[in-house]
Amino acid sequence: MIVLKNVTKLYSPGSLALSNINIHIKPKEFVSLVGISGTGKTTLVKVITAEERVTQGQVIIGGWDITRIKPHRVPYLRRQVGVVYQDFKLLKKKTVYENVAFAMQVSDASVSRIKRIVPQVLKIVGLEDKSDRYPIQLSGGEQQRVAIARALVHAPKILVADEPTGNLDKIHSKEIVDLLLKINNIGTTVLFVSHDPSLVNYVKKRVITLEPNTDGIGFDQKVGKYKL
Amino acid sequence: MLVVSFFRIIRFAWQGFWRNFWLSFITISILVLTYLTINFLIILNVIANSSVSAIQDKVDVSLYFENTVEKEKIDEVKEFLQTHPDIKEVRLITADEALKNFRELHQDDEIILESLEELDGNPLGATLIIKGESVESYKKISTIIDNSKYSDIVVDKNFEDSEKFIAVIEDISSKVNRFGIIIASFFVFISLVIVFNTVRVAIYTHKDEITIMKLVGANNTFISTPFFIESMLYALIACGISVLITLPALDFIQPYITSFFKDVSVDVVSFFEIHFKKIFGYQLLGIIVICVLSSSIAIRRYLRV
């Protein structure tokens with residue numbers, strides 16, 4: 001569950017990123033967040049992952065009020081909210097397996113748990129036979145799947161995908177969206193941030209549109225289309 | 001879990017150390033120079049202290065009495081002085097011994113010996129030779145004598161010359177120390193800057209990993225501790241190298257020191273052997289403090305966890 005109540009984010013006086021945003025995303029929901037550049041999509045993702053603090057309002061993630069979250073609690077939030085980005089953020093010198101295992105190694109996971117979980121998530125994203133490849137040996141779509149696998153190792157309740165298809169061609173983009181839908185079917189809440197109308201329309205799920213210079217969100221359609 | 005995390009942190013620190021090998025090498029070199037400068041300062045101190053204490057041992061004050069003063073009176077003065085806490089030892093040279101010593105000293109000088117023969121009786125009086133507890137004692141001893149009822153029977157005392165001599169030695173020794181401290185401070189400062197810079201570069205080199213660590217929920221301690229460990233590793237390795245250089249170097253220079261200070265016993269090898277744990281322990285601790293301090297400044301500044 002993601003709840004944003006009257007959220008306003010001001011980076012500096014005169015630099016308003018979000019204004020009076022109210023969003024309620026239910027558990028296991030798939031929501032596409034769309035909007036042109038500068039409407040605050042990335043800021044919203046940063047607010048959800050506690051990279052940025054809101055200026056006003058309240059942010060609740062999975063029942064946890066993170067509005068004034070203490071820095072030492074942030075890592076625990078990040079284990080509950082998986083995030084994937086447009087640029088994959090993979091370690092080039094590590095294999096697929098190592099990249100995914102790395103996320104568990106740095107979070108106190110035992111060796112036996114790593115050995116059990118990593119193959120499972122690699123199977124979910126369809127990369128079980130490429131676990132010893134390096135990122136450079138993979139296509140863009142496969143690299144993004146590695147990033148998704150890494151985001152899934154902590155079995156997060158929420159997966160935020162910030163423009164995950166931004167660097168991919170149409171075929172690979174569709175594969176990634178299918179994978180996100182598959183993850184959603186398993187029971188994970190997915191927030192899919194995109195500016196690609198064809199993908200958003202392909203999903204046929206709830207669409208929230210952020211509009212520039214608007215108080216609140218632009219549109220919130222239950223089964224929507226990209227509307228700009 | 002804690003043990004697993006601990007070993008992973010150590011592994012990350014170790015990887016960081018080797019990944020920036022040349023940077024680690026330079027950092028360790030500077031730290032070794034700092035250690036060696038401090039050791040050199042200690043060696044200088046040992047030499048200076050041994051010299052001063054050897055000279056102090058040779059320094060004494062002689063009180064010369066009129067030859068008419070009776071032995072009982074001189075014994076009384078001796079007893080009076082011996083009770084004083086600033087006085088370590090009082091030795092009496094009787095008038096006869098003084099004359100005998102004088103003759104021995106000038107046995108080749110016929111004119112002096114003939115002059116003695118022409119005199120009636122012993123022209124020399126008794127002497128009290130006084131050793132003080134420390135250099136500072138001599139001034140007090142002089143005052144004690146001047147203010148005592150025995151001041152009239154003392155013909156002369158030679159304490160000023162000794163005091164000046166010791167003052168010169170102490171002045172040289174303190175200047176050497178001060179210079180050494182300035183040099184050591186300079187190296188300590190350089191070490192701080194170098195370690196700071198090394199950690200800064202290490203953070204930069206690891207920036208992709210750090211971003212991902214933050215992204216996947218690594219806690220702040222897990223992210224920052226490898227950098228502290230890495231800097232402590234520099235201190236530890238530099239200390240080891242410093243020991244490996246210092247001890248053979250001491251063995252090498254000891255014969256030269258011995259032959260240079262013929263009359264003074266200066267044993268730097270023994271000094272380092274006896275105080276090995278203290279010298280290198282405190283140095284290691286000090287350098288670790290420097291490393292942790294500069295790492296924490298760099299981490300606070302560049303690693304926004």
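Being part of a strand (DSSP E or B), in the same structural domain as A:Ser194 (by TED's automatic domain parsing) and within 19 Å of A:Ile208 (Cα to Cα) is the requirement here; does A:Lys28 meet it? Taking the combined requirement at face value, the residue does not satisfy it.
Would you check if there is a residue in segment B:188-207 being surrounded by fewer than 18 Cβ atoms within 10 Å (Cβ to Cβ) and within 14 Å of chain A (Cβ to nearest Cβ)? Scanning segment B:188-207, I find at least one residue that is surrounded by fewer than 18 Cβ atoms within 10 Å (Cβ to Cβ) and within 14 Å of chain A (Cβ to nearest Cβ), so the answer is yes.
Being assigned by TED's automatic domain parsing to the domain that holds B:Asn20 and farther than 30 Å from A:Gly82 by Cα narrows it down to one of B:Phe271, B:Phe222, B:Phe228, so name that one. Testing whether each residue is assigned by TED's automatic domain parsing to the domain that holds B:Asn20 and farther than 30 Å from A:Gly82 by Cα leaves just B:Phe271. Filtered by the rule that a residue be in contact with a Phe, Trp or Tyr (Cβ under 8 Å, 6 or more places away or on another chain), within 14 Å of chain B (Cβ to nearest Cβ) and not charged (D, E, K, R), segment A:108-163 gives A:Val118, A:Pro135, A:Gln143, A:Val146, A:Ala147, A:Ala161. B:Arg11 falls short of the stated requirement of being away from every other protein chain (no Cβ under 14 Å) and either among the charged types (D, E, K, R) or under 30 Å from B:Phe179 (Cα atoms) (or both).
Return the residues of segment A:52-98 that are assigned to a loop (DSSP other than H, G, I, E, B), at negative phi and of a type in the set (Lys, Arg); say none if nothing qualifies.
A:Arg53, A:Arg68, A:Lys70, A:Arg79, A:Lys92, A:Lys93, A:Lys94
Checked against (1) of a type in the set (S, T, N, Q); (2) touching a Gly at 6+ places or on another chain (Cβ under 8 Å); (3) within 14 Å of another protein chain (Cβ to nearest Cβ), B:Asn67 passes all but condition (3). Would you check if there is a residue in segment A:24-37 being within 12 Å of chain B (Cβ to nearest Cβ), surrounded by fewer than 17 Cβ atoms within 10 Å (Cβ to Cβ), charged (D, E, K, R) and out of contact with any Pro (no Cβ under 6 Å at 6 or more places or on another chain)? No. In segment A:59-114, of all residues being free of Cβ contacts under 8 Å to residues at least 24 places away in the same chain and touching a strand residue (DSSP E or B) at 6+ places or on another chain (Cβ under 6 Å), the one that is surrounded by the fewest Cβ atoms within 10 Å (Cβ to Cβ) corresponds to A:Thr67.
Go through segment B:49-79 and count every residue that is in a helix (DSSP H, G or I) and either surrounded by fewer than 16 Cβ atoms within 10 Å (Cβ to Cβ) or within 24 Å of the chain's Cα centre (by Cα) (or both).
Total satisfying the criteria: 16.
The residues on offer are A:Thr189, A:Thr214, A:Thr209, and the sole one that is touching a Gly at 6+ places or on another chain (Cβ under 7 Å) and in the same structural domain as A:Ile61 (by TED's automatic domain parsing) is A:Thr209.
Of the set (1) without any contact (Cβ under 8 Å) to a residue 24 or more places away in the chain; (2) closer than 30 Å to B:Leu244 by Cα, all apply to B:Arg19 but (1). Across segment B:241-257, the number of residues qualifying as surrounded by 15 or more Cβ atoms within 10 Å (Cβ to Cβ) and without any contact (Cβ under 8 Å) to a residue 12 or more places away in the chain comes to 1. If I filter segment B:213-231 down to residues being at the interface with chain A (Cβ under 7 Å from one of its Cβ atoms) and either in contact (Cβ under 8 Å) with a residue 12 or more places away in the chain or of a type in the set (S, T, N, Q) (or both), which single residue comes out as surrounded by the fewest Cβ atoms within 10 Å (Cβ to Cβ)? So, considering only residues that are at the interface with chain A (Cβ under 7 Å from one of its Cβ atoms) and either in contact (Cβ under 8 Å) with a residue 12 or more places away in the chain or of a type in the set (S, T, N, Q) (or both), the one surrounded by the fewest Cβ atoms within 10 Å (Cβ to Cβ) is B:Asn220.
The values are calculated or read from the model by the stated rules, or taken from the named source; none is laboratory data. What you are looking at is a predicted structure, and each value in this text was computed from that prediction instead of being measured. Neighbour counts are summed over all protein chains in view; Cβ atoms, including those assigned to glycine, are modelled from backbone coordinates with ideal geometry.
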